[in-house]
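One structure is given here, and the rest of the page talks about it.
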Amino acid sequence: MNENIKSAISKFDSKNVLGSVELFSKQCELAWNSEFNPSSHKATKDAPRNILVCGMGGSALGAYILQSLNIFTVPITMSHDYNIPAWVGEGTLVLAMSYSGGTEETLSASQKAIERNAEVIVITVGGELKNIAEKNNLEVHLIDVSANPCGQPRFGVGSMMMEILKVCIDHNICNLKKEEVVAALAELSNYKINFESVWAEAEKLKNKIPVLIFSEHLTNLGRFTRNQIHETAKELALFHEIPELNHHLMEGLTFPDTNKEKLYFVFFESNMYSAKIMKRIAVTKEVLGKQGIQYMSIRMEGATPLSQALIGMFHSMYLAYSLALIHEKDPSDIPWVNYFKEQLNK
């Protein structure tokens, strides 16, 4: 690590966000290997017909990542609201997810799911959501916070993601085998990030609007990366997927004229993408070149879709962290989110 990076970390990282990023692999392993008492659903209920994940911000990101991997054998839907869809009831597995345990939207949605006799499982650090679970005799997965020293929920996503996997494998609604998860975690653990290389990627994005491009099994890694850049780097980022963007976005690049100076496309590419997607990426780059818009590619590493997603999350956290320091911002600060919550509580 060069001296400029070390100096920026010392000056701006007041709550050891880097420690949380560095411990991402450890966090995932702790959650996966934590003691888990399977629920009694197998003896008393049929397998769930569908899954609803209730969570806001970072608490729901792990579910999105897993959704893109196409590993669930029943439909999975995410909800970011005080309410829940009309179809939720008996036969629905509801994962109530709040890192803090105090997210008001998730608390409200959880109560409604309980009232509709859905099977509700809580994933949290504690707080009021844990109290609701205990009052209603619900299954609770408590997050180990030791591998997230900065305490920010968005850096606890690995724990919550692994707990989702454990629940869904236990319910026989996930076609990933435990051995495949263990192998992916081992690959993540052995992966060595090139901090200076990621820093160089982030420097290209300073004072730009990153347009993050993902596809297929990595699609919702785009959502994760966008949110990390928003909260950690305090920079606006956009997220689009191929092939959907090819049907509209390219026509929207002409105006305003400042697009050529402000937009910077980032293609997150995988050797596992289908031939059709790879061709679309190549032609999309050609269109950007003709319009004078900058772009770069970041190659996703990993031997399986799950390991690519995990390593991609690790890379994206480093990218957002680097961009925060380049902007001379504390990566742990979320002043506008905090202001918004203060105003709501008045």
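For beta carbons closer than 9 Å, sequence separation of 6+ or different chains, a first residue in the range 102-121 that is at positive phi and a second that is open to solvent by 70 Å² or more (accessible area, probe 1.4 Å) and among the charged types (D, E, K, R), the qualifying pairs are Asn117/Glu90.
The listed residues are Ile84, Ile65, Ile76, and the only one of them that is open to solvent by less than 10 Å² (accessible area, probe 1.4 Å) and at pLDDT 95 or above turns out to be Ile65. Considering (1) open to solvent by less than 20 Å² (accessible area, probe 1.4 Å); (2) of a type outside the set (D, E, K, R); (3) modelled with pLDDT of 95 or more, the lone condition that Leu30 does not fulfil carries the number (1). Each residue in the range 321-336 was checked for being open to solvent by less than 60 Å² (accessible area, probe 1.4 Å) and out of contact with any Ser or Thr (no Cβ under 7 Å at 6 or more places or on another chain), and 6 pass. The single residue among Phe239, Phe224 that is modelled with pLDDT of 95 or more and either open to solvent by less than 10 Å² (accessible area, probe 1.4 Å) or acidic (Asp, Glu) (or both) turns out to be Phe224. Criterion applied to Met272, Met250 was being among the hydrophobic types (A, V, I, L, M, F, W, C) and in a loop (DSSP other than H, G, I, E, B), and the one residue passing it is Met272. Close contacts from the range 188-200, counting a first residue that is in contact (Cβ under 8 Å) with a residue 40 or more places away in the chain and loosely packed, with under 15 Cβ neighbours inside 10 Å and a second that is hydrophobic (A, V, I, L, M, F, W, C) and assigned to a helix (DSSP H, G or I), with Cβ to Cβ under 9 Å and a gap of 6+ residues or different chains, come to Ser189/Cys28; Glu196/Ile5.
Of the helices (runs of 4 or more DSSP H) lying entirely inside the range 134-233, those containing at least 1 residues that are more than 27 Å from Phe12 (Cα to Cα) are 157-170, 178-190.
For every residue, the table says whether it meets (1) in contact with a strand residue (DSSP E or B) (Cβ under 6 Å, 6 or more places away or on another chain); (2) within 19 Å of Ile311 (Cβ to Cβ).
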| residue | (1), (2) |
| --- | --- |
| Ile213 | yes, yes |
| Glu231 | no, no |
| Val266 | yes, yes |
| Met272 | no, yes |
| Leu288 | yes, no |
| Gly292 | no, no |
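Matching residues to (1) surrounded by fewer than 21 Cβ atoms within 10 Å (Cβ to Cβ); (2) without any contact (Cβ under 8 Å) to a residue 24 or more places away in the chain; (3) within 20 Å of the chain's Cα centre (by Cα); (4) in a helix (DSSP H, G or I):
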{"position": "Lys285", "(1), (2), (3), (4)": "yes, yes, no, yes"}
{"position": "Met296", "(1), (2), (3), (4)": "yes, no, no, no"}
{"position": "Leu306", "(1), (2), (3), (4)": "no, no, yes, yes"}
{"position": "Ala309", "(1), (2), (3), (4)": "no, no, yes, yes"}
{"position": "Leu319", "(1), (2), (3), (4)": "no, no, yes, yes"}
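Scanning the range 282-315 for residues that are under 30 Å from Ser25 (Cα atoms), out of contact with any Ser or Thr (no Cβ under 6 Å at 6 or more places or on another chain) and of a type in the set (A, V, I, L, M) gives Met296, Ile298, Ala303, Leu306, Ala309, Leu310, Ile311, Met313. Residues that are of a type in the set (S, T, N, Q) and under 14 Å from Ile209 (Cα atoms) were ranked within the range 257-283; the one that is most open to solvent (accessible area, probe 1.4 Å) is Thr258.
The values are calculated or read from the model by the stated rules, or taken from the named source; none is laboratory data. The shown structure was predicted, so the numbers you read here are calculated from the model rather than taken from an experiment. Cβ coordinates were reconstructed from backbone atoms using ideal geometry, including for glycine residues, and neighbour counts include every protein chain displayed. The area values use the complete protein model at the heavy-atom level, side chains included, leaving out ligands, DNA and RNA. Shrake-Rupley method; radii C 1.70, N 1.55, O 1.52, S 1.80 Å.
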